[in-house]
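Take a look at the structure set out below.
The values are calculated or read from the model by the stated rules, or taken from the named source; none is laboratory data. If you're wondering where the values come from, they're calculated on a predicted model, not measured in any experiment. Neighbour counts run over all protein chains shown; Cβ positions are idealised from the backbone, glycine included. These area figures cover heavy atoms from the full protein model, side chains too; ligands, DNA and RNA do not enter into them. Shrake-Rupley method; radii C 1.70, N 1.55, O 1.52, S 1.80 Å.
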Amino acid sequence: METLASAMRRENRRFKPPSSSSASASAALSSGRVPLVMAFLSCLAWLYVAGRLWQDAQTRMILSGLLEKSSGNLPKVLSVEDKLRNLGCIGIGRKIAEAEMDLTKAKSEGYLWGNGTATGSSDKKKLLAVIGVYTGFGSRLKRNTFRGSWMPRGDALKKLEEKGVVIRFVIGRSANRGDSLDRNIDDENRRTKDFLILESHEEAAEELPSKVKFFFSAAIEAWDAEFYVKVDDNINLDLAGLIEMLEARRGSQGLYMGCMKSGGVVSEEGQQWYEPEWWKFGDSKTYFRHASGALFILSNNLARYININSASLQSYAHDDISVGSWMMGLNTTYVDDDRLCCGSSRQEKVCSHA
């Protein structure tokens, strides 16, 4: 027992906690390291900031040098006029101004009444007439019938043109541009050379009122003639009689010739000849005087008027009504000639239903 007690006392002495003086020394050592660590970290932060500032300064110097080198190649400051010239606006504006001046001059010189200077015609004698025969994609047999009867073809057609009369079948383009309908017309025209193809017009029954605009515009731009004649494809012409009639009126202006008629306006939708704009014709619902659509004739100045103003001309359900409405606002001479009434029984008429 005594031996065990002495052993325990020895162990207690071995594991005796440090004295207070030793603890204070250790704490002092630890507190002395903190400032050193903070100072070291501060040095690292300073070096990092200094490095970035130096790097930014170098970058600014490089950019400044590049800017100085390229500044000599920079274009001068453009004025508004220079910018407009570069964009082509000055040239366009000049053309617009010239066109306005030409239009003002034309109006002052009476372009509507066929003044030679205003219409741009030369001293060369005008053609007598351009005859446009309306046709469609499914009317090939009719065209062949006309070519074999009253309408010349081949060399005879060219000789007629040399005498001052041009005849063309008038047709637009298919709704599906370039399809077999268009290709067939192009092939036929290459063989016969007797078509006036209205590239901007879509050939359809409901588009007939707009077709008349395109026809007169295209015809007067292609040929300078005294008269422009619209004919349906169910009409046979006495070509010699028509030429004689027009020759007698050569040089006349403001002529609107045809078989003049009037009639009731159909206001019930779904019926034949329905007029969507029926309410514009007053309580009596009667059309104004106009030439029958089967065959009518306009003098040069009236056809030119349609060409110039086609974008603003109101179209109605039928082409003859549309043309008649355009003529009402002009100083037009109406020529009601029963020789142009294709359904009449008169022997001297120049047209008949085919």
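The table below lists the values:
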{"item": "All positions within region 222-259 that are within 26 Å of residue 197 (Cα to Cα), surrounded by fewer than 17 Cβ atoms within 10 Å (Cβ to Cβ) and among the charged types (D, E, K, R)", "result": "238"}
{"item": "Qualifying residue in region 209-221 (condition: among the charged types (D, E, K, R), touching a residue at least 60 places away in the same chain (Cβ under 8 Å), closer than 25 Å to residue 305 by Cα and open to solvent by 20 Å² or more (accessible area, probe 1.4 Å))", "result": "yes"}
{"item": "Region 253-274, residues that are modelled with pLDDT of 70 or more and closer than 18 Å to residue 323 by Cβ", "result": "253, 254, 255, 256, 257, 258, 259, 260, 261, 262, 263"}
{"item": "Residue that is least open to solvent (accessible area, probe 1.4 Å) [pool: residues in region 121-133 that are at pLDDT below 95 and of a type outside the set (D, E, K, R)]", "result": "121"}
{"item": "Residue in region 326-354 that is farthest from residue 240 (Cα to Cα), counting only those that are surrounded by fewer than 19 Cβ atoms within 10 Å (Cβ to Cβ) and polar (S, T, N, Q)", "result": "331"}
